[in-house]
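Enquirer: Here it is, the structure, as structure tokens.
Please treat every number below as a calculation from the coordinates, not as lab data. Just so we're clear, the structure is a prediction, and the values are computed from it rather than from any experiment. Ideal geometry is used to build each Cβ from the backbone, glycine not excepted, and the neighbour counts take in all protein chains shown.
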Amino acid sequence: MKPTEKLYTDPTVPLDIRVEDLLSRMTVEEKVIQLNQYTLGTNDIENNKGVEVKNIPAEIGSLIYFGTEPELRNRMQRHAMENSRLGIPILFGYDAIHGFRTIFPIPLAQACSWNPALVEQGCSITAQETKQSGIDWTFSPMIDVSRDPRWGRVAEGYGEDPYANAIFGQAAVRGYQGKKLDDSISIAACLKHYVGYGASEAGRDYVYTEISRQTLWDTYLPPYEISLRSGAASLMSSFNNISGIPGSANHYTLTEILRNKWGFRGLVVSDWGAVLQLINQGVAKDLKEAGKLALNAGVDIDMMSHSYDKYLKELVAEKEVEPTVLDESVRRLLRLKFQLGLFENPYTPKTEASARFRRTASLQVAEELSAQSMVLLKNDGTLPLHAVKRLAVIGPMANNDHDMLGCWWGHGEDKDIHKLLDGITDELKKTEIRYAKGCDFLGEDESGFKEALQAAKWADVVVMCMGEKGNWSGENNSHADITLPQIQQRLMQKIHAIGKKVILVLANGRPLVLGSAVDMSNAILEMWQPGTDGASAVAGILSGRINPSGKLAMTFPYSQGQIPIYYNRRSSARSNQGFYKDMTSEPLYSFAHGLSYTHYSYGELSASKTTLSKGEKVKVSVSVTNDGEHDGMETVFLYVSDPYSRISRPVKELKRFDKRMIRKGETENFEFILDVNRDLGFVDDQGNLFVEAGEVKICIGDKKLSLEIK
Ligand code: BGC
């Protein structure tokens, strides 16, 4: 091939050579404009409104696309391919967080399924619907460990445990990215928000996070390090100020750790306006300095701050940004565009919406994931329902559609939503059902109480459908008060006073403080915000068709004053003192809590060897018998605790889990392979791994086993 020929347009040429060829042809202006992301279409995201960019240049690197049909994307793409000098395709992104049009349960709920394979299936359906609608890249999964339910964004992630976030992060990446990024149904994943955003002080959004280096390495980095191993194409730099240096200007996290230590070659995009916000956070005097800090720290793409497009050229000319740094960021973006096959297939083929969205098989996965996400918090035997003649279904969630979706509902449509009342009516065909709303989610209006009380008096059993509206959690939705709203509590009290059996079905995007609602309920089912297809799962659990199998991925505090409260805390100096004087120090429902209609007995633990050397592997086994009355799915959790070491370890740490069907009367053997270094070692505040000699305990269910490291 002659040197003048465009190697980058030849799909037979190796990817890195294509990238270098294209890069070598680009002017500084062309490079700079590639590193920006604007929006295309009407922005439907409440927190980021009013900033649509007009007259988008053909050379733009990336766009957030709000459409559900490929036409507009294709038109814009044609502009880029035909009207720019080099014909570089645009990369289109969107927040498909828990679905595009088929909406799955919120991610916090998905984690409670403890079924990564099912979560992966959900994400691959999202990828298919998203890609065929004209989008190449989703800003998901969120793998921010979060221990404060006041923070609205707990709904978007996988709960309080680093390992759980890592495993579900990997599952999501596999689901989105499929076998190959350039498949017609794969999209690029984006791990976010790197890093420590979940530590937002007192649960307030966008604020300071106090994270020691030890905690950074122990708690907040592992989900990223592990999820990157499944090939995540990109990562988003966070809003939060990490102990003085904001996530989007943090050279230590973005370059020293991510690039130099972990060797990540993928793309880093800033969060929305995060570069501009470096000024508010007090580390940049103006937008130009903000851009300089962000790019030099390792943020490749500026999402909607207009710092790179305005100042990057100048910064390079002034030698404030090295040309090699600019090139490296462009290289990462181009590589992803090549990997996605955008140069060969820049346009999205048109398909019928009916063929693309809500396919029968997709709805089955959505329903199954909803069912496995739901957590039976309490049950005195009222559930499953037996031969109930008259059932009252009461509460603001009962006949509600939109709030089933939760936050970030993509392009989910209210008309697709299966409502609780409909699900219950369809399921309990022999039961007479009366519905009364009773009250709204909030407010003082008790005018509906009368009708609700009449229905409750008439009924044998009352199902109360209560909780939070979908938009009470998610971004910019911090709540200082996470108790059940007063009006809902008053309605419960009145119904309780009638003396009928009460089943509380909860919809919420965060753990709640349930207070007296617990004692007023015979059973409590946490259905979370289950998406478009969750109602029949609720009905199936009520009827006994489905045996509940979800377990909490985040602790429910007993009181707001206990927050933060999480299972993997470090030991106190005094094990018998220091508790609250005014109430219990225990949570209401702890991490991994979740009831079933059957009963499981755990056998003794055994290990392939009990004296171990560094670098070895060990197999730990346990048999679990379903000795109850129903078939069921049980999740077995394996925890490790290290009684003492030079840097103290949490009281216990989740290292493995496995969920399996165990038929009534049957026994399943669960085996877990642990790696002494990775699973029984620990890191210091620089990320150096240590394996110390001494005892390590393994704990599964109520059984324990000691291992000795030589
Ligand atoms: C959120 C991100 C999101 C981005 C783009 C930001 O405000 O923090 O999670 O991906 O907007 O919509």
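Enquirer: Suppose the Debye formula is applied to equal point scatterers at every Cα of the chain; what is log10 I(q)/I(0) at q = 0.09 Å⁻¹?
Expert: The Cα Debye sum returns log10 ratios of -0.81.
Enquirer: Just to verify a number: FRET efficiency for Ile647 and Glu352, C-beta to C-beta distance, R0 = 45 Å, to 0.05?
Expert: 0.20
Enquirer: Another one. Once you sort the root eigenvalues of the Cα gyration tensor of segment 294-333 as a ≥ b ≥ c, which label holds: rounded (a/c under 1.5), prolate (a/b larger than b/c) or oblate (the other case)?
Expert: oblate
Enquirer: Can I ask one more? How far is it, in nm, from the label point at Glu69 to the one at Lys285 when both lie 7 Å from their Cα along the line to the Cβ?
Expert: Between Glu69 and Lys285, the simple spin-label model gives 5.1 nm.
Enquirer: State whether segment 580-703 is rounded, prolate or oblate according to the following rule on the C-alpha gyration tensor (a ≥ b ≥ c being the square roots of its eigenvalues): a/c under 1.5 gives rounded; otherwise a/b larger than b/c gives prolate, and the remaining case gives oblate.
Expert: The shape class here is oblate.
Enquirer: Now for a separate question. Would you kindly state how much longer the chain becomes between Asp426 and Arg570 on full extension, computed as 0.36 nm times their sequence separation minus their alpha carbon distance, in nm to one decimal?
Expert: 47.0 nm
Enquirer: OK, next. Sum up the charges of everything whose Cβ sits under 13 Å from the Cβ of Gly169, counting Lys and Arg as +1 and Asp and Glu as -1, but leave Gly169 out.
Expert: So the surrounding residues net to -2.
Enquirer: Oh, and also: What list do you get for Met661, Met142, Met520 if you sort them by fewest beta carbons within 10 Å?
Expert: Taking fewest neighbouring Cβ atoms as first place, the list is Met661, Met520, Met142.
Enquirer: Let me ask something else. Near Val321, within a Cβ-to-Cβ distance under 13 Å, what is the net charge of the other residues, with Lys and Arg +1 and Asp and Glu -1?
Expert: Spelling it out: positives minus negatives among the neighbours equals -4.
Enquirer: Peptides 108-116, 77-85: what's the order by average Cβ count within 10 Å, highest mean first?
Expert: 108-116, 77-85
Enquirer: A follow-up question, please. Once the Cβ-Cβ distance between Asp414 and Trp262 is put in as r, and R0 is 60 Å, what FRET efficiency do you end up with, to the nearest 0.05?
Expert: According to the calculation, E is roughly 0.90.
Enquirer: To continue, here is another question. Under 17 Å Cα-Cα from Lys6, which aspartates and glutamates qualify once same-chain neighbours fewer than 8 residues away are excluded?
Expert: Within the straight-line limit of under 17 Å, Lys6 reaches these aspartates and glutamates: Asp16, Glu20, Asp21, Glu30, Glu82, Glu344.
Enquirer: Relative to the longest principal axis of the C-alpha atoms of the chain, give the angle of the C-alpha long axis of helix 287-297, reported between 0 and 90° and rounded to the nearest 10°.
Expert: 80
Enquirer: Okay, moving on. By per-residue mean of other Cβ atoms within 10 Å, what is the highest-first order of 533-543, 673-683, 93-103, 331-341?
Expert: So the peptides 533-543, 673-683, 93-103, 331-341, ranked by packing, come out 93-103, 533-543, 331-341, 673-683.
Enquirer: Take every DSSP beta bridge whose two residues both sit in the chain, then give the antiparallel share in percent to the nearest 5.
Expert: Within the chain, antiparallel bridges account for around 50 percent of the total.
Enquirer: Follow-up question, since we're still on this one. Roughly what % of DSSP beta bridges within segment 120-255 run antiparallel, to the nearest 5?
Expert: Around 20 percent antiparallel, to the nearest 5.
Enquirer: Okay, moving on. Given R₀ = 41 Å, what would the calculated FRET efficiency be for Thr12 paired with Lys617, taking r from the Cβ atoms and rounding to 0.05?
Expert: For Thr12 and Lys617, the calculated efficiency is 0.45.
Enquirer: A further question on this structure: Enter the angle in degrees (range 0 to 90, nearest 10) between the Cα long axis of helix 308-317 and the first principal axis of the Cα atoms of the chain, meaning the one along which they spread out most.
Expert: Here the helix axis deviates by roughly 40 degrees.
Enquirer: Does segment 185-340 come out rounded, prolate or oblate, given a ≥ b ≥ c as the square roots of the eigenvalues of its C-alpha gyration tensor, rounded meaning a/c under 1.5 and, failing that, prolate meaning a/b above b/c?
Expert: It comes out oblate by the Cα gyration axes.
Enquirer: Please give the per residue volume of the convex hull enclosing the alpha carbon atoms of segment 54-165, rounded to a whole number of Å³.
Expert: Given the Cα convex hull of segment 54-165, per-residue volume reads 120 Å³.
Enquirer: To continue, here is another question. If packing is taken as the average number of other Cβ atoms within 10 Å across a peptide's residues, how do 342-348, 455-461, 408-414 rank, most packed first?
Expert: 408-414, 455-461, 342-348
Enquirer: Let me ask something else about it. If you average the C-alpha positions of segment 396-424 and of segment 99-133 separately, how far apart do those two centres end up, in angstrom?
Expert: Their Cα centres are 17 Å away from one another.
Enquirer: If the chain between Trp458 and Glu314 were fully stretched, how many nm would it gain, using 0.36 nm times the residue separation less the Cα-Cα distance?
Expert: Length difference between fully extended and current span is 44.3 nm.
Enquirer: Still on this structure: Taking the dipole about the Cα centre of the chain, with the C-beta of Lys and Arg at +1 and of Asp and Glu at -1, give me whichever of Pro105, Ala392, Gly203 is farthest to the positive side.
Expert: Result: Ala392.
Enquirer: Okay, moving on. Say the cut-off is 18 Å between C-alpha atoms; which of Lys655/Lys697; Lys389/Lys494; Lys469/Lys501; Lys192/Lys285 go over it?
Expert: Lys389/Lys494; Lys469/Lys501; Lys192/Lys285
Enquirer: Right, another one. Out of all DSSP beta bridges in segment 492-631, what portion is antiparallel? Express it as a percent rounded to 5.
Expert: Percentage antiparallel, nearest 5: 60.
Enquirer: Fewest to most neighbouring Cβ within 10 Å: what's the order for Glu629, Glu352?
Expert: Glu352, Glu629
Enquirer: Here is the link list: Lys261/Lys337; Lys31/Lys131; Lys313/Lys337; Lys430/Lys703. Which ones come out longer than 32 Å on Cα distance?
Expert: Distance filter (> 32 Å) returns Lys430/Lys703.
Enquirer: Still on this structure, please answer the following. How would Arg229, Arg574, Arg73 line up from fewest to most surrounding beta-carbon atoms within 10 angstrom?
Expert: By the 10 Å Cβ count, ascending, the order reads Arg574, Arg229, Arg73.
Enquirer: Restricting to DSSP H runs of at least four residues, report the calculated mean residue ellipticity at 222 nm for the chain, -39500 (n - 2.57) per run over all residues, nearest 500 deg cm²/dmol.
Expert: The per-residue figure over the chain is -7500 deg cm²/dmol.
Enquirer: Between helix 323-339 and the chain, what is the angle of the helix's C-alpha long axis to the longest principal axis, kept within 0 to 90° and rounded to the nearest 10?
Expert: So the inclination is approximately 60 degrees.
Enquirer: If you don't mind, another one. Among the aspartates and glutamates, which fall within straight-line cross-link reach of Lys617, defined as a Cα-Cα distance under 19 Å, with same-chain neighbours fewer than 8 residues apart omitted?
Expert: Filter leaves Asp642, Glu653, Asp658, Glu671, Asp675, Asp679, Glu692, Glu695, Glu708.
Enquirer: Please identify which residues in segment 555-585 have an amide N closer than 14 Å to a label point set 7 Å out from the Cα of Gln214, following the Cα→Cβ vector.
Expert: Residues 569-573 qualify, since their backbone N sits under 14 Å from the label point.
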